[in-house]
Amino acid sequence: MDDAGARAFAAARAMVGAAFRPQGCDPATGLDCVGLVWAAYAAAGRRLVRPVGYPLRGWARARIEAALVEAGFCAVVDAARVGDVVLIVHPARQYHLGLLGSETLIHAHAGLRRVVEAPLDALARAAVRWRLSNGE
């Protein structure tokens, strides 16, 4: 079976160290968390409809979930897979996306100003996971 999630995770791993840039969707010029996920899937051969004009903070969860659905993702509750997208909820309605590995998370870290790979923490482990809905 073709596994776009695993390919997207490998592509995201190659983007570790890329600069953070709000609304960024190109690893050469900078990425935010949305841009990282969409760029990783594009590098894995899956061009997805990407949301535009979203704020760094204060975006409604329903709009984020609608954007994930429009791109072809569905929420999953089965065992985590490499390449699943996590929707992490931080205080003050700040939402964050990242790509799951077996024991790590790759995400665009605004505070560190770059894409990083970090060990999974409690927030990432408890986050709602999203996967491409075509069975991959």
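The values are calculated or read from the model by the stated rules, or taken from the named source; none is laboratory data. These numbers come from a predicted model, not from an experiment. Note that we place each Cβ from the backbone using ideal geometry, even for glycine, and neighbour counts take in every protein chain shown.
Contact map, segment 120-133: first residue surrounded by fewer than 17 Cβ atoms within 10 Å (Cβ to Cβ), second residue of a type in the set (Asp, Glu), Cβ cut-off under 9 Å, separation 6 or more or different chains; pairs are VAL128/GLU65.
Applying the criterion of being farther than 15 Å from PHE9 by Cβ, among the charged types (D, E, K, R) and surrounded by fewer than 21 Cβ atoms within 10 Å (Cβ to Cβ) to the residues of segment 27-50, the residue that is modelled with the highest pLDDT is ARG47. Here the condition is being of a type outside the set (D, E, K, R) and part of a strand (DSSP E or B); of ALA124, ALA92, ALA108, it holds for ALA108 alone.
Only one of GLU117, GLU70 is among the charged types (D, E, K, R) and either surrounded by fewer than 17 Cβ atoms within 10 Å (Cβ to Cβ) or touching a Pro at 6+ places or on another chain (Cβ under 6 Å) (or both). Can you tell me which?
Result: GLU70 is the single residue among GLU117, GLU70 that is among the charged types (D, E, K, R) and either surrounded by fewer than 17 Cβ atoms within 10 Å (Cβ to Cβ) or touching a Pro at 6+ places or on another chain (Cβ under 6 Å) (or both).
Residues that are within 17 Å of PHE9 (Cβ to Cβ) and not aliphatic (A, V, I, L, M) were ranked within segment 110-133; the one that is modelled with the lowest pLDDT is ARG125.
Tell me, please, whether a residue that is within 15 Å of ARG113 (Cα to Cα) and under 12 Å from the mean Cα position of the chain (by Cα) can be found in segment 13-25.
Yes, there is a match, as at least one residue in segment 13-25 is within 15 Å of ARG113 (Cα to Cα) and under 12 Å from the mean Cα position of the chain (by Cα).
Among the residues making up segment 98-108, those that are over 14 Å from LEU68 (Cβ atoms) and buried (at least 17 other Cβ atoms within 10 Å of the Cβ) are LEU100, GLY101, THR104, LEU105, ILE106, HIS107, ALA108.
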